[in-house]
Amino acid sequence: MTLLDHAYVPPATVNPTHSVHDAVQCTLPAQCDAVAVVENNSVVGVLTSRDVLLKVLLNGLDAKQIAVRDVMSHPVIMFDPKSEPEAALKIMLENNIRHLLLSEDGTTPLGMLSLRKLLQFIVEDQKEDLSSIEAFLLADSIGG
């Protein structure tokens, strides 16, 4: 199992010239509050709900008039989906981000990993480990 199994696949994408309003609409079907910003087949940024709140709404800007390129977050961290979940969590915490684009080649976005989905995955994995340890400790004799 890879991080892609717990990500939004494929990630929602928009062009940097799209309005913030249009970008937010792109996120609704996937129920992910981040969108990859792609221009000429290359990721140039990420637009998150935090960007919309802090850079658009808080400043009284019109989401239908402001372009994504004016408020997106960049540069973008692309992360290998075959990496360990704990490594992804470390990157997210060190960079104070809640969404991580997954890419095998460092350029093509394959999925958008949210902090919430990552933590759910890590917690479920820990539960399985704890169940195995509990079963081992409660075995009634040597070897089970």
Matching residues in region 14-26 - criterion: being of a type in the set (S, T, Y) and surrounded by fewer than 16 Cβ atoms within 10 Å (Cβ to Cβ):
T17
Residues that are outside any loop (DSSP other than H, G, I, E, B), open to solvent by 70 Å² or more (accessible area, probe 1.4 Å) and farther than 24 Å from V44 by Cα, drawn from region 80-128
E86, L119, Q120, V123, E124, Q126, K127, E128
Filtering region 33-59 for residues that are under 23 Å from L118 (Cβ atoms), touching a Lys or Arg at 6+ places or on another chain (Cβ under 9 Å) and not in a helix (DSSP H, G or I) leaves a count of 5
Search result, residues across region 63-75 that are under 24 Å from L102 (Cα atoms) and either modelled with pLDDT under 95 or open to solvent by 60 Å² or more (accessible area, probe 1.4 Å) (or both)
R69, D70, H74, P75
All but one of (1) closer than 25 Å to K117 by Cβ; (2) surrounded by 14 or more Cβ atoms within 10 Å (Cβ to Cβ) hold for P29; which doesn't?
(2)
Return the residue satisfying two criteria in turn: it lies in region 37-62 and is touching a strand residue (DSSP E or B) at 6+ places or on another chain (Cβ under 7 Å) and in contact (Cβ under 8 Å) with a residue 40 or more places away in the chain, and of such residues it is surrounded by the fewest Cβ atoms within 10 Å (Cβ to Cβ).
V38
Hey, does region 7-25 have a residue that's under 14 Å from the mean Cα position of the chain (by Cα), outside any loop (DSSP other than H, G, I, E, B) and farther than 21 Å from S103 by Cα?
no
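The values are calculated or read from the model by the stated rules, or taken from the named source; none is laboratory data. Owing to the predicted nature of the structure, the values given are computational and were not obtained by experimental measurement. With ideal geometry, Cβ positions are generated from the backbone for all residues, glycine too; neighbour counts draw on all protein chains shown. Areas reflect the complete protein model, heavy atoms only, side chains present, ligands, DNA and RNA absent. Shrake-Rupley method; radii C 1.70, N 1.55, O 1.52, S 1.80 Å.
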